[in-house]
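> First, the structure itself, so that you have it in front of you.
The values are calculated or read from the model by the stated rules, or taken from the named source; none is laboratory data. Computed from a predicted model, the values in this text were never measured in an experiment. A quick note on method: Cβ atoms are made from the backbone with ideal geometry, for glycine too, and the neighbour counts reach across all protein chains shown.
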Amino acid sequence: MARADDTALFASTDASAAPKPGATGRPLREFPTPPPLSGHGPARIVSLCNQKGGVGKTTTTISLAAALAEYGRRVLVIDFDPQGALSAGLGIGTHEGLTIYDLLLNPKRPASEAIQETRIPGLDIIPANIDLSAAEVHLVNEVAREQILSRVLRQVTGDYDVVLIDCQPSLGLLTVNALTASHGVLIPLECEFFALRGVALLIETIEKVRDRLNPAIELDGILATMFDSRTLHSREVLERVVEAFGDDVLETVIGRTVKFPDASVAGTPITSFAPEHPAAKAYRQLARELVARGAVA
Ligand SMILES: Nc1ncnc2c1ncn2[C@@H]1O[C@H](COP(=O)(O)OP(=O)(O)OP(=O)(O)O)[C@@H](O)[C@H]1O
Ligand SMILES: [Mg+2]
């Protein structure tokens with residue numbers, strides 16, 4: 001019974017997968033197809049960050065990375081969450097081979113040894129597993145403990161156009177490492193009532209990192225996710241987000257659809273799992289918007 005209800009609920013939410021054009025209340029521009037690149041690298045590094053759990057950080061990392069790879073970009077994604085959801089979502093096992101944890105703990109180890117290819121051409125990953133949960137304890141007494149990931153990534157950015165870091169839902173030392181290593185931050189926000197709670201603290205953390213560790217870091221944008229255009233609630237939340245953050249809110253809005261959990265189970269990005277689904281198209285649009293904004297090459 002419960003299962004039938006769930007299915008009905010999911011089926012009905014799918015209708016809203018495509019937000020209406022201009023869902024953020026601004027005229028919707030068409031973003032051009034990114035021109036081909038003549039060479040690759042050095043990469044711009046972007047962290048996907050929000051200490052609130054379940055807002056779409058991992059889903060966005062996977063789907064955006066795959067969309068950028070479709071546009072001919074060389075993309076490296078870093079699983080920076082001990083839950084390993086990014087690795088799982090790309091069908092990567094994490095019990096053999098090196099993980100990001102091994103690189104953080106042994107800075108002399110070449111970072112390239114931990115890179116694995118995914119099934120998506122042009123998209124590589126440095127995976128993570130539960131070992132990473134011990135990293136904060138190990139790193140806390142290191143010299144320049146906030147810059148360890150930055151040093152690791154420096155070795156490999158030359159080979160990629162974009163590096164995306166999927167942060168865990170916390171503002172601890174790992175996330176500070178991600179922000180310190182990054183040129184930009186993308187903040188996914190779920191369109192629900194408590195979406196804005198905690199964003200002030202997140203922005204404050206980004207500002208502290210900018211003041212003390214990484215003066216160049218930029219807010220690349222706030223991405224509204226899990227938007228349901230049929231509910232007044234979703235529309236009101238989006239309106240408040242635009243009121244609060246103005247042009248920092250990306251024009252692309254990701255609708256709510258059960259296709260995402262389905263794609264995760266299949267270990268495949270939505271862009272290949274359901275290439276014509278409005279949600280796959282939305283992530284391609286996000287890729288185009290970020291290129292148009294100069295956030296990625
Ligand atoms: N647009 C969407 N519509 C419906 N479900 C979604 C959407 N985006 C993500 N989900 C689902 O919501 C759940 C949380 O998403 P995701 O794992 O991407 O969030 P997260 O911010 O990375 O979470 P965590 O903070 O735990 O790392 C997952 O089950 C995912 O499949
Ligand atoms: Mg996640």
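> Considering G97, G72, which residue is surrounded by fewer than 20 Cβ atoms within 10 Å (Cβ to Cβ), more than 16 Å from ligand 1 (Cβ to nearest atom), at pLDDT below 95 and not charged (D, E, K, R)?
Exactly one of G97, G72 is surrounded by fewer than 20 Cβ atoms within 10 Å (Cβ to Cβ), more than 16 Å from ligand 1 (Cβ to nearest atom), at pLDDT below 95 and not charged (D, E, K, R), namely G97.
> Among (1) more than 16 Å from ligand 2 (Cβ to nearest atom); (2) in a loop (DSSP other than H, G, I, E, B), there is one condition T94 misses while meeting the rest; what is its number?
(1)
> To continue, here is another question. Out of A195, A279, A224, which single residue is within 14 Å of ligand 1 (Cβ to nearest atom), assigned to a loop (DSSP other than H, G, I, E, B), over 23 Å from A43 (Cα atoms) and in contact with a helix residue (DSSP H, G or I) (Cβ under 6 Å, 6 or more places away or on another chain)?
Step by step, each of A195, A279, A224 is checked, and only A195 is within 14 Å of ligand 1 (Cβ to nearest atom), assigned to a loop (DSSP other than H, G, I, E, B), over 23 Å from A43 (Cα atoms) and in contact with a helix residue (DSSP H, G or I) (Cβ under 6 Å, 6 or more places away or on another chain).
> Could I ask something else about it? If you scan the range 42-68, which residues turn out to be surrounded by 24 or more Cβ atoms within 10 Å (Cβ to Cβ), part of a helix (DSSP H, G or I) and not hydrophobic (A, V, I, L, M, F, W, C)?
If the condition is that a residue be surrounded by 24 or more Cβ atoms within 10 Å (Cβ to Cβ), part of a helix (DSSP H, G or I) and not hydrophobic (A, V, I, L, M, F, W, C), then K57, T58, T59, T61, S63 are the ones that fit.
> Now for a separate question. When the residues of the range 265-277 are narrowed to those that are touching a residue at least 24 places away in the same chain (Cβ under 8 Å) and buried (at least 20 other Cβ atoms within 10 Å of the Cβ), which ends up farthest from P34 (Cα to Cα)?
The residue in question is T268.
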